[in-house]
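> Okay, here's the structure, questions in a sec.
The values are calculated or read from the model by the stated rules, or taken from the named source; none is laboratory data. Keep in mind the model is a prediction, meaning the values are calculated, not measured. We place every Cβ from the backbone using ideal geometry, glycine too, and count neighbours over all the protein chains shown. Calculation scope for accessible area: heavy atoms of the full protein, side chains included, ligands and nucleic acids excluded. Shrake-Rupley method; radii C 1.70, N 1.55, O 1.52, S 1.80 Å.
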Amino acid sequence: MSSSFRIPEARPDGAYGAVMTRVARRMWGQVPDNAYVLWHNRAVLRAVFGFERKVASWSALDAHLKTYAVMASAGSIGCSWCLDFGYFMAREEGLDLAKVREVPRWRDSTAFTDLERDVMKYAEAMTATPPTVTDEMVARLDEALGHAAVVELTMMVAVENQRSRFNSAMGLASQGYSDVCELPLAVPSTT
């Protein structure tokens, strides 16, 4: 499935566009479709890219748990672009791809620990509209991870909600990033 671009795909131009294109191709092999949409509003594009650089520097939460939370949220929303890119990033970070592939159907999989399941359950509860987070969920995660990691986890799920909802609303779909992982996109759990 390719992106349908609900607003016309913009073509980055000028010096900033050339730099953005070169950096994106070096980092990810191609320019992400969302950059072609964001290019229509350069102030938004610069703010998003600047914020994402800062988000990438957060380190209180284990990288595996962060990936599972982000992908569980993207799976709940149904953002195939985010799942596709998430698989690619998990590969780049050296995570177990067979396990990452199971995230959208974590309830049916035997691959995850209790803590990993708690993280994905929390991510889905945060992503629900309205959110279904409970005091018990937060207390359990806080006991296992500590305050700083729970704050980061919560913000990562909120950030992924922003990403997934933007990409889905703009008609962006799987772009082929996960092709390098040799893993098809997982089918979400039905429960």
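> Is there any pair with a first residue in segment 113-130 that is over 17 Å from D142 (Cβ atoms) and a second that is modelled with pLDDT of 95 or more and open to solvent by 10 Å² or more (accessible area, probe 1.4 Å) whose Cβ atoms are under 6 Å apart and which are 6 or more apart or on different chains, and what are they?
So the pair list comes out as T127/N161.
> Before we move on, is R140 more than 30 Å from V37 (Cβ to Cβ), modelled with pLDDT of 95 or more, part of a helix (DSSP H, G or I) and open to solvent by 50 Å² or more (accessible area, probe 1.4 Å)?
yes
> From L65, L61, grab the single residue that is part of a loop (DSSP other than H, G, I, E, B), within 18 Å of A149 (Cα to Cα) and aliphatic (A, V, I, L, M).
L61
> Hey, another quick one. Quick check on segment 7-23: of everything there that is without any contact (Cβ under 8 Å) to a residue 12 or more places away in the chain and assigned to a helix (DSSP H, G or I), which residue is least open to solvent (accessible area, probe 1.4 Å)?
T21
> While we're on this one: Among (1) open to solvent by 20 Å² or more (accessible area, probe 1.4 Å); (2) on the phi > 0 side of the Ramachandran plot; (3) modelled with pLDDT of 95 or more, which single condition is E182 missing?
Every listed condition holds for E182 apart from (3).
> Oh, and also: Give the residue that is farthest from Y177 (Cα to Cα), with candidates limited to residues of segment 24-46 that are outside any loop (DSSP other than H, G, I, E, B) and open to solvent by less than 60 Å² (accessible area, probe 1.4 Å).
If we take residues in segment 24-46 being outside any loop (DSSP other than H, G, I, E, B) and open to solvent by less than 60 Å² (accessible area, probe 1.4 Å), then L45 is farthest from Y177 (Cα to Cα).
> Hey, can you tell me all the residues within segment 148-178 that are open to solvent by 50 Å² or more (accessible area, probe 1.4 Å) and over 20 Å from Y68 (Cβ atoms)?
Hits for segment 148-178 are F166, A169.
> Quick one: is K121 in a helix (DSSP H, G or I), open to solvent by 60 Å² or more (accessible area, probe 1.4 Å) and either among the polar types (S, T, N, Q) or within 21 Å of S164 (Cα to Cα) (or both)?
yes
> Considering each residue of segment 90-107, count those that are assigned to a helix (DSSP H, G or I) and surrounded by 14 or more Cβ atoms within 10 Å (Cβ to Cβ), and give that number.
11
> Another question, then. For F85, indicate whether it is in a helix (DSSP H, G or I) and open to solvent by less than 60 Å² (accessible area, probe 1.4 Å).
Considered against the rule, which asks whether it is in a helix (DSSP H, G or I) and open to solvent by less than 60 Å² (accessible area, probe 1.4 Å), F85 comes out as yes.
> A further question follows. List the number of the failed condition for L145; all other conditions in (1) closer than 18 Å to G75 by Cβ; (2) open to solvent by less than 50 Å² (accessible area, probe 1.4 Å) hold.
(1) is the only condition that L145 fails.
> Could you grab the pairs with beta carbons closer than 9 Å, sequence gap of 6+ or different chains, first residue in segment 49-60 and more than 17 Å from V19 (Cα to Cα) and at pLDDT 95 or above, second one part of a loop (DSSP other than H, G, I, E, B) and open to solvent by less than 60 Å² (accessible area, probe 1.4 Å)?
Short answer, once both residue conditions are applied: A60/G146.
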